[in-house]
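A quick write-up on the structure given underneath.
All of the numbers you see were taken from the coordinates with simple rules; none came from a lab. In this text the structure is predicted, and so the values were computed from the model without any measurement. Cβ sites come from the backbone with ideal geometry, for glycine too, and all protein chains shown count toward neighbours.
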Amino acid sequence: MSIIYSFIAFAARLDKGGIRLLRIAISVILIWIGALKFVPYEAEGITPFVANSPFMRFFYQHPDEYGQHRNKEGEVVPANITWHHANNSYGYSYGLGLLLMGMGTLLLLNRANPLFGATGAVLTIIMGVGTLSFLVTTPETWVPDLGGEHHGFPYLSAAGRLVLKDLIMLAGAVVLLADSAKAVLRRSSAGG
């Protein structure tokens, strides 16, 4: 019993290190995926999500035409690439990439100033809600009816499984926001 109790006592002290690890993990994900937004396959890969979103589709010139111009990851079809340039697929993706990398950087700057961390967490929460909305707005998040018995809700496609994982990011961002807010309040009470 003492070994189990010792482990539980050890585990009970992991919260601060766990929050730091969570902050680093979310930052790495945001910065890495943000950097990938500058690569054509990633910019092209997000077109179904953006084109079907009532909140984002206005960034594209021709959102309803994306299905005719989809490239597989790594595929080079010059006509599709030309269309993505005209559609603003790449421009939108570059802007999103900068935003994601900025969010990850803000989270990492929490130690310098917890207001930076809080801002990064709030933006990550907003991103999480926006990304999860794709489950409602993007048909590609569900297995299509191609003759199999398992299609539509609740059968997530690869795109849907990718989107659903943002639920973890959203929950983690709430924890980071609380941690940053506590640090802001501690600094405020110590200084005044």
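Is there a quick way to get the dipole size of the chain? I mean about its Cα centre, with the Cβ of Lys and Arg at +1 and of Asp and Glu at -1; what is the value in debye to the nearest 20?
On the way: 14 positive and 12 negative charges, 242 e Å.
It comes to approximately 1160 debye.
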**Fill in**
The set of residues whose placed amide H lies less than 5 Å from the amide H of Gln61, leaving out same-chain residues fewer than 5 positions away, is Asn88
**Item:** Cleavage-rule hits (trypsin sites (Lys or Arg not before Pro)) in segment 1-58: DSSP loop, at most 13 neighbouring Cβ within 10 angstrom
**Value:** Arg13
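If you rank Val76, Val163 by fewest surrounding Cβ atoms within 10 Å, what's the result?
Numbers: Val76 10, Val163 20.
The order, fewest Cβ neighbours first, is Val76, Val163.
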**Request:** For Lys72, go through the aspartates and glutamates and keep the ones whose alpha-carbon is under 19 Å away, minus same-chain ones fewer than eight residues off.
**Result:** Glu42, Glu44, Asp64, Glu140
**Request:** Rounded to the nearest 500, what is the 222 nm mean residue ellipticity of the chain from helices alone, with -39500 (n - 2.57) per DSSP H run of 4+ residues and division by all residues?
**Result:** -21500 deg cm²/dmol
**Table column - 3J(HN,Hα) (Hz), segment 158-170, Karplus curve with 6.51, -1.76, 1.60, x for Gly and Pro** = 4, 5, x, 5, 4, 5, 4, 4, 5, 4, 5, 4, 4
**Request:** Can you tell me the 0 to 90 degree angle between the C-alpha axis of helix 89-108 and the longest principal axis of the chain, rounded to 10?
**Result:** 0
**Fill in**
Exposure-ranked with fewest Cβ neighbours within 10 Å first, Trp83, Trp142, Trp32 stand as Trp32, Trp142, Trp83
**Request:** Quick one: which residues, 5 or more positions from Trp142 or on another chain, have an amide H under 5 Å from its amide H? H modelled 1.01 Å from N in the peptide plane, none for Pro or chain starts.
**Result:** Ser157
**Request:** Under a 10 Å cutoff between Cα atoms, tell me which one of Gly91, Gly104, Gly74 has the largest fluctuation in the Gaussian network model of the chain.
**Result:** Gly74
**Message:** With a 10 Å cut-off between alpha carbons and a GNM built on the chain, which of Leu106, Leu170, Leu146 moves the most?
**Reply:** Leu146
**Asked** Out of Ala158, Ala35, Ala51, any idea which swings most in a Gaussian network model of the chain, alpha carbons joined below 10 Å?
**Response** Ala158
**Prompt:** Just going by the charge dipole of the chain, with Lys and Arg at +1 and Asp and Glu at -1 on Cβ, which of Phe59, Phe116, Ser189 is farthest out on the positive end?
**Reply:** Ser189
**Where Rh is the Kirkwood radius over Cα pairs, Rg/Rh for segment 1-136** = 1.15
**Asked** Taking the alpha-carbon centroid of each part, what is the distance from segment 133-192 to segment 52-99 in angstrom?
**Response** 23
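Which is the longest stretch in the chain that no exposed loop site breaks, taking sites as GluC sites (Glu not before Pro) with a DSSP loop state and at most 13 other Cβ atoms within 10 Å?
Values: sites that count: Glu73, Glu75, Glu149.
Excluding the exposed sites themselves, the longest stretch runs over 76-148.
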**Asked** How large is ³J(HN,Hα), in whole Hz, for each residue of segment 131-140 in order, when computed from phi with the Karplus curve 6.51 cos²θ - 1.76 cosθ + 1.60 and θ = phi - 60°, using x for Gly and Pro?
**Response** 5, 5, 5, 4, 4, 8, 9, 10, x, 5
